[in-house]
């Protein structure tokens, strides 16, 4: 009876090695198929094989394999380092004739003007601008007049009455206003030694003055309302202002205002000034 032949273990291992090697080649080819096809198309090998074996090019567009971003891209280098030159079946085309470089036209040279005889510039007379000077604004004319103002004299028996003095007053438009300013300035030293007094309260100031229909509207500050001498003092200060103002022929009466307002009485003693006053307003005193 014949003995069965034992298989050598080395033969099975060799078969498995070649199967694994072929599978590795297939996997690498399938994985890098797009890259291999793109490389073959770029080198022209596909066209050469198609021309040799007479196959028509496929009409179907190449498939595009989309890889996920995380898949690594492996580029296989060609085995032959020298490039593969595809075989040409058509007649070699003659090389295009070399074209001569375009000749740039030279820019035209500027023509020099023909020098002619030099012209002597004619002298021109300097232009004189004639300007008419603007007339200077008219300066106000200052005038002077002799004004009569009134201070108070006190008699030996204690009676008071207004007494007139003369002042030289300088003015431009309104002599009455300047006359009242001279009154508020007070008597001179000579007049004081002669016994004349100014009973208009201190710090009295004339704010404004106007004349309308024979009435002078005199606007004084608040100090005009208070006289330390009582009723006699109020009457005396009113007489000084009314008599000095009515020396002007166009003024017959005076309306007193305090800070622009009509006030009925001066002080707390009840001296009435709510209506215009004239010289006859003091005849009963």
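Each value in this text was obtained by applying a stated rule to the coordinates, not by laboratory testing. What you see is a predicted model; the values in this text were computed from it and never measured. Virtual Cβ from ideal backbone geometry, glycine too; neighbours counted across all protein chains shown.
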**Asked** Stretched out fully, how many nm does the piece from residue 189 to residue 29 gain, at 0.36 nm a residue minus the Cα gap?
**Response** 43.9 nm
**Among 197-207, 33-43, 175-185, the order from most to least packed when residues are scored by Cβ within 10 Å on average** = 175-185, 197-207, 33-43
**Tail beyond 18 Å, pair distance distribution of segment 138-203 (Cα, percent)** = 44 percent
**Message:** Suppose the chain between residue 222 and residue 283 were pulled fully straight at 0.36 nm per residue; how much longer would it get relative to their current alpha carbon spacing?
**Reply:** 19.3 nm
**Item:** Label-point gap, in nm, between residue 161 and residue 231 - each point 7 angstrom along Cα→Cβ
**Value:** 2.0 nm
**Request:** With N denoting the number of residues in segment 143-282, provide Rg(C-alpha) divided by 2.2 N^0.38 Å, to two decimal places.
**Result:** 0.99
**Net length gained if the chain between residue 207 and residue 12 were fully extended (0.36 nm per residue, minus Cα distance)** = 56.4 nm
